[in-house]
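Below: the structure, in structure tokens.
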Amino acid sequence: MYKHSKQLDFTGQTIFTGIDTGKKSWQVSIMTQEFEHKTFHTTPRVEAVLSYLHRHFPGGTYKCVYEAGGLGFWIQEQFQARGVETIVVSPVDVPTKGKERIRKNNRVDARKLARGLRSGDLEGIYVPSPQAQQDRTLVGMRANLVKKQTRVKNQIKAMLAFYGVVLPEDICDNYWSARCIAWIEEWAGTQANQGWAK
């Protein structure tokens with residue numbers, strides 16, 4: 001008996017994918033113009049999503065969206081490098097229904113993203129170039145280090161003040177020169193020798 005089998009072909013159709021990203025897993029929701037396919041979780045890899053799309057929607061035109069957050073823009077960059085149009089949106093700009101506000105979870109968020117992408121209600125934010133991202137990261141890290149350094153200095157000053165010790169202003173200004181650090185180390189060594197640190 002002859003059995004006819006038709007191979008799947010989504011040529012000319014757009015497949016909309018909303019991704020709720022996380023460090024350990026992604027919740028993925030896939031929709032076509034006609035129906036909602038499926039919402040599922042997968043490993044947090046671009047290749048895992050693409051493999052599913054190619055397997056279940058061969059020949060389709062894929063579009064993806066996810067919310068801006070702690071994972072940065074590498075997901076968008078990897079999708080784009082593989083020819084998949086991908087936008088990153090601000091969470092506050094994603095249309096949300098009443099029930100979705102009450103039943104907020106990763107699955108609901110992924111479906112919202114896919115639905116908004118399909119309806120054309122989502123507008124992507126500006127994605128800086130990789131070089132600009134690296135520059136911002138460097139500047140941000142330096143600012144954080146300066147804050148931490150200032151906090152530690154204040155803690156040391158407070159500890160010294162508790163024991164009636166005042167740093168010499170002529171060598172311990174806001175930037176703490178090598179002479180200032182040497183003075184603190186010498187003072188600490190003297191106290192240790194006297195049994196203060198025991």
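The values are calculated or read from the model by the stated rules, or taken from the named source; none is laboratory data. These numbers were taken from a predicted model, which means no experiment stands behind them. Heads up, the Cβs are rebuilt from the backbone with ideal geometry, glycines too, and the neighbour counts pull from every protein chain shown.
Structure notes:
- Wholly within the range 14-122, helices (runs of 4 or more DSSP H) carrying at least 1 residues that are farther than 25 Å from Gln133 by Cβ: 46-56, 98-102, 106-119
- Among the residues of the range 53-71, those that are loosely packed, with under 14 Cβ neighbours inside 10 Å, under 17 Å from Thr11 (Cβ atoms) and touching a residue at least 40 places away in the same chain (Cβ under 8 Å) comprise Pro58, Gly59.
- The set of residues in the range 107-155 being surrounded by fewer than 15 Cβ atoms within 10 Å (Cβ to Cβ) and within 24 Å of Lys63 (Cα to Cα) consists of Ser119, Gly120, Asp121, Glu123, Ile125, Tyr126, Pro128, Ser129, Pro130.
- Per-region count, the range 23-59, residues touching a His at 6+ places or on another chain (Cβ under 9 Å) and over 14 Å from Leu117 (Cα atoms): 7
- Residues within the range 90-126 that are more than 20 Å from His41 (Cβ to Cβ) and free of Cβ contacts under 8 Å to residues at least 60 places away in the same chain, tallied: 18
- Selection from the range 43-52 of residues that are surrounded by 15 or more Cβ atoms within 10 Å (Cβ to Cβ) and out of contact with any Gly (no Cβ under 8 Å at 6 or more places or on another chain): Val46, Val49, Leu50, Tyr52
- Flag for Gln76 being polar (S, T, N, Q) and exposed (fewer than 15 other Cβ atoms within 10 Å of the Cβ): no
- The residues on offer are Val127, Val166, Val146, and the sole one that is outside the structural domain of Ile19 (by TED's automatic domain parsing) and closer than 30 Å to Tyr66 by Cα is Val127.
- Residue under evaluation Leu167, criteria (1) among the aliphatic types (A, V, I, L, M); (2) within 30 Å of Trp26 (Cα to Cα); (3) more than 35 Å from the chain's Cα centre (by Cα), criterion not met: (2)
- Qualifying residue in the range 72-83 (condition: in contact (Cβ under 8 Å) with a residue 40 or more places away in the chain, of a type in the set (Phe, Trp, Tyr) and in the same structural domain as Trp26 (by TED's automatic domain parsing)): yes
- The range 87-102: number of residues that are of a type in the set (S, T, N, Q) and at pLDDT 90 or above: 1
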